[in-house]
């Protein structure tokens with residue numbers, strides 16, 4: 001792992017995995033608290049590394065010091081349950097032809113927003129949090145294959161695996177992530193740091209769909225709708241299939257009370273993502289915002305035939321029926 005000023009979470013993280021790993025490597029990027037002291041208590045190799053606005057560079061330094069056959073890459077504010085550590089052992093014992101495995105990172109939050117999932121786990125460290133955001137990341141992978149992390153921020157090992165024509169597979173292992181429930185000053189500081197690096201890497205690679213999309217998300221977080229439209233528009237121009245970029249544009253127009261233009265972009269999103277119910281659900285919301293509840297009803301019925309258990313579709317379908 002890489003770490004900086006993580007004394008509040010690091011002990012819990014290392015305590016959760018200490019009996020399941022052969023070595024612990026912590027690359028410290030300038031801690032002024034007890035992070036290094038805590039790491040050494042767990043007999044970790046602690047390496048000082050000068051921060052250079054590049055999470056991948058720090059991650060890759062940690063890989064340089066790994067001597068074992070498999071690597072488990074963690075954040076200092078993540079925890080793995082005992083039952084999932086056993087699954088890790090099983091995977092590395094019999095990986096078949098996979099060189100890596102994606103783990104489901106659950107970032108816990110207190111308040112619901114679009115994309116959040118209700119948390120029903122009874123695990124004592126997380127049951128106080130009502131929701132989480134799900135993200136799949138390859139964090140378990142073979143060593144000694146020349147794999148390395150890419151991107152200054154929101155770094156990934158996946159790109160390196162794909163470039164080398166290796167395979168990775170999704171696992172059922174959960175990474176419990178507490179980065180979004182830290183104190184407000186910590187979260188704000190992290191957000192400002194990420195924003196600076198997002199713009200830096202976009203300046204280096206202005207034609208990257210990934211970096212333009214991240215810049216759009218950054219602007220959205222600041223309620224800078226015009227900036228977000230600019231970067232999402234550039235993303236769509238570079239790669240129309242990048243995530244749900246047309247839906248992102250549509251949602252901005254919806255917030256700007258331009259429902260007709262929003263509907264136009266949700267239709268585009270449906271065209272590029274025919275198997276995903278989210279663009280159609282958003283289109284139904286756009287219809288309802290201008291009183292077209294009958295059109296919303298027909299659209300939602302069509303989607304519910306394909307996705308009968310989808311909670312968002314069911315919620316909006318009930319809303320459409322109530323207003324007919």
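Within the range 18-33, is even one residue in contact (Cβ under 8 Å) with a residue 60 or more places away in the chain and within 22 Å of the chain's Cα centre (by Cα)? There is no residue in the range 18-33 that is in contact (Cβ under 8 Å) with a residue 60 or more places away in the chain and within 22 Å of the chain's Cα centre (by Cα). Quick check: is even one residue across the range 213-220 touching a residue at least 24 places away in the same chain (Cβ under 8 Å) and more than 17 Å from residue 151 (Cα to Cα)? Within the range 213-220, one or more residues are touching a residue at least 24 places away in the same chain (Cβ under 8 Å) and more than 17 Å from residue 151 (Cα to Cα).
Per the listing 197, 161, the residue uniquely out of contact with any helix residue (DSSP H, G or I) (no Cβ under 9 Å at 6 or more places or on another chain), at negative phi, part of a helix (DSSP H, G or I) and in contact (Cβ under 8 Å) with a residue 12 or more places away in the chain is 161.
The residues of the range 1-16 that are within 23 Å of the chain's Cα centre (by Cα) and either surrounded by fewer than 19 Cβ atoms within 10 Å (Cβ to Cβ) or assigned to a strand (DSSP E or B) (or both), listed by number, are 2, 3, 4, 5, 8, 12. Only a single item in (1) part of a loop (DSSP other than H, G, I, E, B); (2) out of contact with any strand residue (DSSP E or B) (no Cβ under 7 Å at 6 or more places or on another chain); (3) touching a residue at least 60 places away in the same chain (Cβ under 8 Å) is not met by residue 85, and it is number (1).
Residues in the range 242-277 that are at pLDDT 95 or above, closer than 20 Å to residue 206 by Cβ and surrounded by fewer than 21 Cβ atoms within 10 Å (Cβ to Cβ): 242 only. Checking the structure you have, find out if any residue of the range 36-46 is in contact (Cβ under 8 Å) with a residue 40 or more places away in the chain and either within 26 Å of residue 152 (Cβ to Cβ) or surrounded by fewer than 20 Cβ atoms within 10 Å (Cβ to Cβ) (or both). No, that holds for no residue. Within the group 208, 269, 259, which residue is over 18 Å from the mean Cα position of the chain (by Cα) and closer than 30 Å to residue 75 by Cα? Being over 18 Å from the mean Cα position of the chain (by Cα) and closer than 30 Å to residue 75 by Cα holds for just one of 208, 269, 259, which is 208. Against the conditions (1) surrounded by 19 or more Cβ atoms within 10 Å (Cβ to Cβ); (2) in a helix (DSSP H, G or I); (3) free of Cβ contacts under 8 Å to residues at least 60 places away in the same chain, where does residue 61 fall short? Just the number, please. The one condition residue 61 does not meet is (1). Residues that are over 19 Å from the mean Cα position of the chain (by Cα) and part of a helix (DSSP H, G or I) within the range 232-243 comprise 233, 234, 236, 237, 238, listed in sequence order. Just so you know, in the range 133-153 the residues that are in a strand (DSSP E or B) and touching a helix residue (DSSP H, G or I) at 6+ places or on another chain (Cβ under 9 Å) include one that is farthest from residue 12 (Cα to Cα), and it is 150.
Among the residues of the range 92-118, the ones that are in contact with a strand residue (DSSP E or B) (Cβ under 7 Å, 6 or more places away or on another chain) and modelled with pLDDT under 95 come to 6 in all. Of the candidates 172, 207, the single residue that is surrounded by fewer than 17 Cβ atoms within 10 Å (Cβ to Cβ), assigned by TED's automatic domain parsing to the domain that holds residue 59 and in contact with a helix residue (DSSP H, G or I) (Cβ under 7 Å, 6 or more places away or on another chain) is 172.
Restricting attention to the range 88-122, which residues are in a strand (DSSP E or B) and either touching a residue at least 24 places away in the same chain (Cβ under 8 Å) or more than 24 Å from residue 9 (Cα to Cα) (or both)? Residues satisfying the conditions are 100, 101, 102, 103, 104, 105, 106, 107, 108, 109.
The values are calculated or read from the model by the stated rules, or taken from the named source; none is laboratory data. Note that this is a predicted model, so its numbers are computed, not measured. Cβ: placed from backbone, ideal geometry, glycine included. Neighbour counts: every protein chain shown.
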